[in-house]
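Single-structure report; data block below.
The values are calculated or read from the model by the stated rules, or taken from the named source; none is laboratory data. On a predicted model such as this, the values are computed, not experimentally measured, just so you know. So basically every Cβ, Gly included, is an ideal-geometry build from the backbone, and we count neighbours across all protein chains shown. These accessible areas exclude ligands, DNA and RNA; they are computed on the full protein's heavy atoms, side chains included. Shrake-Rupley method; radii C 1.70, N 1.55, O 1.52, S 1.80 Å.
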Amino acid sequence: MSDAPVPTQPATAAETDPNALGWMKGSPPAPDKLIKFHDDSFREFPQLRWAWSNVRSLVPTVAVWRGDGGASVLPREERDIGGSQSTTMDGRPMTFAKMFDETYADGIVVLHKGKLIHERYAGALKPHKPHIAMSVTKSFTGTLAGILIAEGKIDPQAPVTDYVPELKTSAFGDARVHEVMDMTTGLKYTEVYADRNSDVWSLRRANGMAPIPPDYQGATDIFALLCMQEKQGEHGKAFAYKTVNTDVLAFIVRRASGATLSDLLSERIWAPMGAEEDAHYHVDRIGTESGGGGLSTTVRDLARFGETMRNHGRFNGRQIVPAAVVEDIERGADPAKFKPAGYTTLPGGSYRNQWWVTHNEHGAYMARGVYGQGIYIDPKAEMVIARYASHPVAGNAANDPVTLPAYMALAKDLIAGR
């Protein structure tokens with residue numbers, strides 16, 4: 001008989017429902033029901049199941065105005081898709097409804113041919129409440145950059161320093177804009193969410209999403225951190241997922257447009273697409289938006305953005321994103337540069353302009369964020385899935401084996417008229 005410890009399974013979604021557990025209930029909440037920023041308890045599980053739907057209660061934010069027009073209509077044609085059957089990557093039978101529960105989803109919206117066929121919420125999330133998108137934010141930053149490229153305001157072949165000369169002595173001093181967009185820069189920076197010594201924790205402290213210890217000597221705002229990045233390896237050789245690339249791209253976008261990220265997103269995407277609610281970015285200690293992971297939106301508005309992309313940039317009666325920008329993303333990048341990164345759940349994939357491209361039989365592509373955030377766009381099935389979650393594990397390797405087969409199975413059901 002082995003004395004090895006038996007791995008413990010995290011409590012289920014039902015067992016960690018923030019409403020049932022009483023997190024932050026009461027005026028004021030009881031001491032054992034408080035979720036705080038300064039002690040990092042908001043990032044612990046199950047507290048994060050409340051936190052990801054209540055970022056504005058924890059850190060400073062800036063609004064992305066929805067504009068003064070009416071919300072665009074998402075025609076409803078609701079269907080019972082909960083029984084859609086799939087097989088997980090480890091061979092277990094699964095249904096769409098069970099997938100929602102097993103992956104700690106907080107909200108999901110499924111669109112088919114532009115119609116809302118499924119909507120469900122759980123935990124602390126409600127239809128009108130924004131939930132943090134985490135790195136889904138990157139795809140918004142990449143799309144804004146694509147718009148500015150189409151307008152000739154950014155040259156993807158230009159050096160980063162043409163737009164942000166202050167980065168001359170950093171790792172980005174000899175990088176090109178397109179290398180930042182596709183994350184093929186050679187950086188010393190590491191992004192390991194479970195390791196508090198990883199550089200991603202320095203980024204979290206700099207962007208305002210982690211408290212700064214009393215003896216901390218590192219950067220305390222995003223721009224200062226970017227200027228400190230060191231080079232390792234060559235640019236342009238291989239994909240390596242590192243959020244500081246997106247934060248550099250966000251500064252390129254700000255400099256090229258002359259606008260803040262929040263105002264630019266409002267003007268170019270949020271208002272034109274007829275968002276229902278304002279979105280918001282969390283900001284660092286000098287008011288800079290986190291372009292790599294700081295956006296919070298409602299699930300429906302996330303679906304609207306996905307539908308805009310599925311329709312090659314056209315939505316709400318207007319061309320919002322140039323079609324060529326979307327088509328460039330759909331084509332993807334070089335899978336050979338992506339392969340060394342070792343994403344076993346995304347075989348044959350690539351990363352293009354801050355989007356994840358599957359190159360699968362349906363040509364699906366995705367915006368992805370830690371703890372299970374995502375937009376899944378399936379052009380062949382004419383399907384968009386927008387999903388927010390609060391999974392106990394940050395990395396999407398914990399979600400993909402269940403969610404990706406469920407999405408493909410549903411797409412095939414929709415194509416077949418089931």
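One table, with the values for the structure above:
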quantity: Virtual spin-label span in nm between Glu234 and Ala323, 7 Å along Cα→Cβ; calculated: 3.8
quantity: Percent accessible area from carbon and sulfur atoms, segment 121-261, protein chains only, probe 1.4 Å; calculated: 49
quantity: Amide H contacts of Thr298 (H built 1.01 Å from N, under 5 Å, at least 5 apart or other chain); calculated: His131
quantity: Gain upon complete extension [Arg255, Glu166; 0.36 nm per residue less C-alpha separation]; calculated: 30.8 nm
quantity: Under 5 Å, built H, 5+ apart or other chain: amide partners of Ala259; calculated: none
quantity: Förster-model FRET efficiency, 60 Å R0, Lys113 and Asn197, C-beta, rounded to 0.05; calculated: 0.80
quantity: The chain: C-alpha gyration tensor shape, a/c 1.5 cut-off, then a/b vs b/c; calculated: rounded
quantity: Amide proton proximity set for Trp355, modelled H, under 5 Å, gap of 5+; calculated: none
quantity: Leu167, Leu21, reordered so the largest accessible area comes first (probe 1.4 Å); calculated: Leu21, Leu167
quantity: Sequence-separation-based contact order of segment 48-162, relative, with Cα cut under 8 Å and 6+ spacing, percent; calculated: 24
quantity: Contact order normalised by residue count of the chain, Cα under 8 Å, 6+ apart, percent; calculated: 23
quantity: Out-of-range pairs (alpha-carbon distance over 18 Å; input Lys188/Lys242; Lys153/Lys242; Lys168/Lys237); calculated: Lys153/Lys242; Lys168/Lys237
quantity: P(r) histogram, all alpha-carbon pairs of segment 174-318 included - 5 Å bins from 0, percent; calculated: 2, 9, 16, 18, 18, 16, 11, 6, 2, 1, 0
quantity: Only Lys, Arg (+1) and Asp, Glu (-1) charged, at Cβ; the chain dipole about Cα centre in debye; calculated: 500
quantity: Neighbour-limited loop hits for trypsin sites (Lys or Arg not before Pro), segment 183-228 (at most 12 other Cβ within 10 Å; DSSP other than H, G, I, E, B); calculated: Lys188, Arg196
quantity: Total charge dipole magnitude, segment 132-288, about the Cα centre, Cβ charges on Lys, Arg, Asp, Glu only, Debye to nearest 20; calculated: 280
quantity: In Å², nearest 10: area of Arg268 left accessible to a 1.4 Å probe; calculated: 50
quantity: Residue among Tyr343, Met99, Ile81 farthest towards the positive dipole end of the chain, charges placed on Cβ; calculated: Ile81
quantity: Segment 1-99, dipole about Cα centre (Lys/Arg Cβ +1, Asp/Glu Cβ -1), debye to the nearest 20; calculated: 280
quantity: All lysines inside 25 Å of Lys36 as judged from Cα atoms, apart from same-chain residues fewer than 8 positions distant; calculated: Lys25, Lys126, Lys129
quantity: Using a Förster distance of 25 Å, the FRET efficiency for Ile212-Arg56 (Cβ separation, nearest 0.05); calculated: 0.80
quantity: In segment 321-409, the GluC sites (Glu not before Pro) that fall in loop regions by DSSP, at most 14 other Cβ within 10 Å; calculated: Glu361
quantity: Loop-located chymotrypsin sites (Phe, Trp or Tyr not before Pro) in segment 221-279 whose Cβ has at most 14 other Cβ within 10 Å (DSSP); calculated: none
quantity: Å² of accessible area per residue within segment 202-287, as computed with a 1.4 Å probe and no ligands counted; calculated: 37
